[in-house]
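Undergrad: The following block contains the structure, expressed as structure tokens.
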Amino acid sequence: MQNFDHTDKFNEIYTEFKQTDLFKAMSEMVENNDWHLEANVGVHTDMVVQQYLDGIDGEMTHEQFLGALACMLHDIGKPVVCEPIEKEDGTIRLTSPGHELESARLAEDFLVRNFNGKFSGVMGPSDITRVCWLIQHHLFYNITNKQKLRDLRTTSRYFVSAQVPDDDKFDDIYVRCITADTLGRIGKDPDLAKAKLAAWVDRFNNVEVKQPTVGLDKPTMAVLIGPSGVGKSTFRNKKLPYMAHFNWDDLRVEKYKEQAIEAGKETEGDIYQYCWEQSCHPTDMGKFSDDFKEYQNDRLKEILDNKIDVVIDNTNLSRKRYADIVQRGRQKGYQVIAVVFPTTIDTLTSRLESRSDRNMDPAIVINMFKRLTLPSLGRWFDGINVWDGNLWEQNISKNLT
């Protein structure tokens with residue numbers, strides 16, 4: 001992206017954003033809790049954005065522009081997940097558990113939908129993921145584990161913020177955002193909130209980090225992260241055809257297809273459904289059956305033992321889903337790259353309609369999209385790649401949609 005003052009562009013975008021249904025929903029939500037005594041979530045958003053803008057000295061850089069967008073969108077998920085709780089005095093307060101993830105997912109949908117329109121020329125594909133990562137991690141108070149702090153700071157330093165050779169010139173966009181969110185509110189005890197913020201940032205800044213490296217001297221594991229229909233297979237076939245392929249769905253069909261045909265299954269969808277059922281534990285559909293667990297484990301072991309470059313082509317929606325595989329790769333000396341696929345809910349559901357190999361309820365795919373957590377650098381990943389294959393098919397509109 002070009003290095004110019006982004007202030008006017010952001011102000012234009014924010015003015016128009018305040019006319020969208022996303023902002024209107026926030027303006028109709030009154031939280032009435034000790035952390036938020038503002039008139040509504042829309043007012044809080046205004047305060048956060050203004051606090052962020054006030055902290056910029058001079059021209060707004062590209063990375064600062066991304067932080068401003070994160071502030072603009074950081075609470076758009078609150079109206080979706082809010083829950084009423086009755087207080088001791090009989091009044092109702094609203095709480096929004098998991099709103100940081102809901103907001104990050106809605107933000108991706110919003111940014112991709114408008115990528116070829118209002119954000120044309122001011123955002124690249126990776127910028128979408130950078131903004132959404134900031135939103136996903138804007139609740140910071142309870143993050144005290146040193147490894148998690150290291151991962152946060154590594155990602156902010158080497159993926160989200162501007163790349164500069166000297167740490168003393170490092171403009172931490174993540175710290176800018178959480179500072180604006182903490183100070184841009186009316187709370188019960190603002191002095192305590194400021195003190196907690198200062199203590200946390202001090203601890204965060206004192207965590208030593210080093211730049212992750214990716215080279216040709218190690219075997220590579222590429223972990224594809226995205227729901228069904230996001231384009232993982234297309235990406236793999238186009239970009240990484242030379243790498244070994246590890247995919248649970250393919251292994252299911254490979255192992256159980258003959259049984260499915262013998263059972264009278266004929267269509268691709270019916271065969272896959274039979275194979276999937278056979279691969280599941282008889283008492284817990286969320287776990288592998290013993291024979292399939294051994295089957296897929298042996299295949300992965302063969303790949304890793306031989307130090308073969310490999311694509312992990314499962315949905316990998318959360319760390320829980322890829323942790324074991326990545327740890328096994330690390331133990332064998334692999335460098336690990338995450339690949340993400342910014343998209344919209346409409347794109348996923350429309351593609352599902354044209355697939356003959358799956359009988360899948362669209363609600364399941366939407367749930368996958370909503371549950372996806374973006375990766376961080378550090379313990380799990382040495383790099384984050386963002387594929388742009390879903391972006392160029394989006395409509396071009398002069399106005400935010």
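The values are calculated or read from the model by the stated rules, or taken from the named source; none is laboratory data. What you are looking at is a predicted structure, and each value in this text was computed from that prediction instead of being measured. Cβ coordinates were reconstructed from backbone atoms using ideal geometry, including for glycine residues, and neighbour counts include every protein chain displayed.
Undergrad: Return the residues of the stretch 21-37 that are acidic (Asp, Glu), under 21 Å from Leu192 (Cβ atoms) and surrounded by fewer than 19 Cβ atoms within 10 Å (Cβ to Cβ); say none if nothing qualifies.
TA: First, the residues of the stretch 21-37 that are acidic (Asp, Glu): 21, 28, 31, 34.
Pick out the ones that are also under 21 Å from Leu192 (Cβ atoms) and you get 31, 34.
If the condition is that a residue be acidic (Asp, Glu), under 21 Å from Leu192 (Cβ atoms) and surrounded by fewer than 19 Cβ atoms within 10 Å (Cβ to Cβ), then Asp34 is the only one that fits.
Undergrad: Let me ask another. Hand me the list of strands (runs of 3 or more DSSP E) wholly inside the stretch 279-342 holding 2 or more residues that are in contact (Cβ under 8 Å) with a residue 24 or more places away in the chain and either closer than 14 Å to Phe246 by Cα or not small (Gly, Ala, Ser) (or both). Show your work before the answer.
TA: On the way: elements: 284-288, 310-312, 335-340.
Result: 310-312, 335-340.
Undergrad: Tally up the residues in the stretch 350-401 that are in a loop (DSSP other than H, G, I, E, B) and touching a residue at least 40 places away in the same chain (Cβ under 8 Å), please.
TA: Here is the first cut: in the stretch 350-401, the ones in a loop (DSSP other than H, G, I, E, B) are 354-361, 372-376, 378-380, 382, 387-401.
After this cut, where a residue has to be touching a residue at least 40 places away in the same chain (Cβ under 8 Å) as well, the list is 355-360, 372-376, 378-380, 382, 387-401.
So the answer is 30.
Undergrad: Within the stretch 192-227, count every residue that is among the aliphatic types (A, V, I, L, M) and part of a loop (DSSP other than H, G, I, E, B). It would help to see each step written out before you state the result.
TA: As a first pass, look at the stretch 192-227 and keep what is among the aliphatic types (A, V, I, L, M): 192-193, 195, 197-199, 201, 207, 209, 214, 216, 221-225.
Still in the running and part of a loop (DSSP other than H, G, I, E, B): 207, 209, 214, 216.
Of the residues in the stretch 192-227, 4 are among the aliphatic types (A, V, I, L, M) and part of a loop (DSSP other than H, G, I, E, B).
Undergrad: Restricting the first residue to the stretch 186-200 and requiring it to be outside the structural domain of Thr45 (by TED's automatic domain parsing), which pairs with a second residue that is outside any loop (DSSP other than H, G, I, E, B) and modelled with pLDDT of 95 or more meet a Cβ separation below 9 Å and a spacing of at least six or different chains?
TA: So the pair list comes out empty.
Undergrad: Just checking, which of Glu86, Glu63, Glu31 is of a type in the set (D, E, K, R) and out of contact with any strand residue (DSSP E or B) (no Cβ under 9 Å at 6 or more places or on another chain)? First the steps, then the outcome.
TA: Working: Glu86 fails: out of contact with any strand residue (DSSP E or B) (no Cβ under 9 Å at 6 or more places or on another chain); Glu31 fails: out of contact with any strand residue (DSSP E or B) (no Cβ under 9 Å at 6 or more places or on another chain).
Only one candidate qualifies: Glu63.
Undergrad: I'd like the full set of residues that are more than 25 Å from the chain's Cα centre (by Cα), assigned to a helix (DSSP H, G or I) and of a type in the set (S, T, N, Q), limited to the stretch 28-50.
TA: Gln50
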